[in-house]
Amino acid sequence: MSGSPKRLTMAELDLLCRRQAAAGAPMAAYEGPLDRHVADGDRRLLSLEFDDSAAALRLWNFLLSEEDRLHQARAAGKKIVGTMKDLGTVPVMAYSLPGLVAFYPDGAWWTPCVMELSAGLLGLAQSLGVGEAFCPVRAMLGAFVNRAHFPIPDLLTCSVGATCDDFSAVAQRLESLGFPILWWEMPHRRRPDPQEPGVALPGGFEAPESQVALVRSELERVRAALEALAGARLGDAELAAGIREANRVRRLLADLRRLAYTAEPCPMPALEMLIAEMLAIHFCSDRAESVAVLAGLLDEVRRRADLGRGILTAGAPRIFWVNPVADLRAMNLLEDCGGRLCGTEFLFCHALDPIPEDLPPMEALARMALADPMVGPAADRASRIVRDARAFGAEAVVVSRIPGASHCALEGAVIAEIVRAELGLPVVELEVPPVADALLPTLKTRLDALGETVRRRRNP
Ligand code: SF4
């Protein structure tokens, strides 16, 4: 795994993995060839291309071994917390307590893609009354019912209120099937009225003090439930320590994003960056290991940047990507079309911003939770996208629509209008279903055209 970096098929990556193992290279216990996961049904791996570094191999193995890790945690007597919807808040609390492991059942969102629909989760959800009018998060229902994926959590939490209709309906259906949920309220974030005391949130939004106080009191209820589950007290000192650990992950990701999205030529593929960013929300069920995995990726990106090596030639069109793609193959497609990722907003930018360490810890978590781009107006979200796209030097923006997602019907148009008005950049909206094979030629044409537009704008 040296020389100029390139993307490999799974078979090529597995060959390198076997050579690395035979040479006695240090590898984590969960590492091995990815074809093990294809045998378990993860067939989409056969259609993806992967970065050729040892760091990326570790990242993929870490991601793909998560369900095993959760089952091992249960077997070892740990309690499992299923945290739903808040993307980045409750896991910080859960990992501050001994003997708890938290994960997002929402992650089943990607199972139809990774297993190329073979797990039947969408069909199961349909049989439970949650069909194609909902976003792929409905796969979570199937995973709870067939019990073939993650272990059923000992405690389920879900933020409610300023939540998309899709998740709200799916979670309510889940509860009706006999899975009790601790609901906690998230108000729709608004700007303080004139004369109303306001609070600056991480990431730059603002909210009334009263909303922060409400979220803080709701998180106190979550704290009590976590303490009862763990049989241990979660004091402010423990919570502050948990916040510092979460910030280690966030700082690593900030360094990784800064370099991966700015160095020329592009040092790391878009697909690996998407996976790396996802580690922020619940540490892929192992906080310490997520630090090690991200540190390895950052080292690799630094090494490549120092050597001036990349996976594309220098000068590739710089694309800012909004929303995660239901089919991971779409991230490969960006580079197939000659474009490079230069920034992202995958619905959880609040999980990337550092949590304030100079505030009482619950106040800090409440402010961070309210900074979620999805709990406020679409115009707020668009303003954050504008700011980040400008900071990363974007030359175009892709808004990737999620089939069935209630917020995607109009939000893309709002974002596009604001980005065009403020930055004057070209914006395209694409819809990416969980298995996008039939649409790949169309998606490719649109991304090719976007790259061409960027090049023309450079040399009018
Ligand atoms: S509709 Fe959007 S925010 Fe809601 S669960 Fe689906 S992808 Fe997530």
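Summary table
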item: Filtered residues of the range 108-121 (kept if without any contact (Cβ under 8 Å) to a residue 60 or more places away in the chain and not hydroxyl-bearing (Ser, Thr, Tyr)); result: ALA108, GLY120, LEU121
item: Scan of the range 233-250 for residues that are out of contact with any helix residue (DSSP H, G or I) (no Cβ under 8 Å at 6 or more places or on another chain) and surrounded by 15 or more Cβ atoms within 10 Å (Cβ to Cβ), ordered by number; result: GLU238, ASN247
item: Single residue of the range 307-335 satisfying the filter (basic (Lys, Arg) and closer than 30 Å to PRO112 by Cα) that is surrounded by the most Cβ atoms within 10 Å (Cβ to Cβ); result: ARG318
item: Residue within the range 168-175 that is modelled with pLDDT under 95, within 15 Å of ALA108 (Cα to Cα) and surrounded by fewer than 23 Cβ atoms within 10 Å (Cβ to Cβ) present; result: no
item: Residue list for the range 176-205, restricted to those being loosely packed, with under 14 Cβ neighbours inside 10 Å, among the hydrophobic types (A, V, I, L, M, F, W, C) and within 24 Å of TRP109 (Cα to Cα); result: LEU177
item: Tabulated pairs, the range 190-209, first farther than 24 Å from VAL386 by Cα, second of a type in the set (A, V, I, L, M) and not in a helix (DSSP H, G or I), C-beta under 7 angstrom, 6+ apart or interchain; result: GLU209/VAL199
item: Boolean, LEU423 is of a type outside the set (D, E, K, R), more than 23 Å from the chain's Cα centre (by Cα) and more than 15 Å from the ligand (Cβ to nearest atom); result: yes
item: The range 21-44 residues that are farther than 25 Å from LEU328 by Cα, paired with ones that are of a type outside the set (Gly, Ala, Ser) and modelled with pLDDT under 95 (beta carbon under 7 Å, 6 or more apart); result: ALA21/MET27; MET27/GLN20
item: Meets criteria (farther than 24 Å from GLU116 by Cβ and under 22 Å from the mean Cα position of the chain (by Cα)) for ALA54; result: yes
item: Filter result (out of contact with any Asp or Glu (no Cβ under 6 Å at 6 or more places or on another chain) and of a type in the set (D, E, K, R)) within the range 382-440; result: ARG384, ARG387, ASP388, ARG390, GLU395, GLU411, GLU417, ARG420, GLU422, GLU429, GLU431, ASP437
item: THR313 being hydroxyl-bearing (Ser, Thr, Tyr) and in contact with a Pro (Cβ under 8 Å, 6 or more places away or on another chain); result: yes
item: Single residue of ALA241, ALA230 found to be small (Gly, Ala, Ser), in contact with a Gly (Cβ under 7 Å, 6 or more places away or on another chain) and more than 16 Å from the ligand (Cβ to nearest atom); result: ALA230
item: Sole residue being assigned to a loop (DSSP other than H, G, I, E, B), under 20 Å from LEU87 (Cβ atoms), within 16 Å of the ligand (Cβ to nearest atom) and of a type outside the set (Val, Ile, Thr), chosen from PHE167, PHE134, PHE179, PHE150; result: PHE134
item: Test: residue in the range 413-420 that is within 15 Å of the ligand (Cβ to nearest atom), in contact (Cβ under 8 Å) with a residue 24 or more places away in the chain, buried (at least 18 other Cβ atoms within 10 Å of the Cβ) and within 22 Å of the chain's Cα centre (by Cα); result: yes
item: Matching residues, the range 73-106, being away from the ligand (no atom under 15 Å from the Cβ), outside any loop (DSSP other than H, G, I, E, B) and charged (D, E, K, R); result: ARG74, LYS79
item: Selected residue (only one of LEU156, LEU201 is touching a helix residue (DSSP H, G or I) at 6+ places or on another chain (Cβ under 6 Å) and within 29 Å of VAL325 (Cβ to Cβ)); result: LEU201
item: Single condition ARG258 does not satisfy, out of (1) more than 30 Å from ILE415 (Cβ to Cβ); (2) within 18 Å of the chain's Cα centre (by Cα); result: (1)
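To keep it simple, each residue is scored yes or no on (1) more than 15 Å from the ligand (Cβ to nearest atom); (2) under 19 Å from the mean Cα position of the chain (by Cα); (3) within 30 Å of ARG455 (Cβ to Cβ); (4) surrounded by fewer than 22 Cβ atoms within 10 Å (Cβ to Cβ).
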site: ASP372; (1), (2), (3), (4): no, yes, no, no
site: ALA389; (1), (2), (3), (4): yes, yes, yes, no
site: VAL398; (1), (2), (3), (4): yes, yes, yes, no
site: ALA409; (1), (2), (3), (4): no, no, no, yes
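The values are calculated or read from the model by the stated rules, or taken from the named source; none is laboratory data. It should be emphasised that the depicted structure is a prediction, and the values quoted were computed from it without experimental measurement. In this analysis, Cβ positions are derived from the backbone assuming ideal geometry, glycine residues included, and neighbour counts consider all displayed protein chains.
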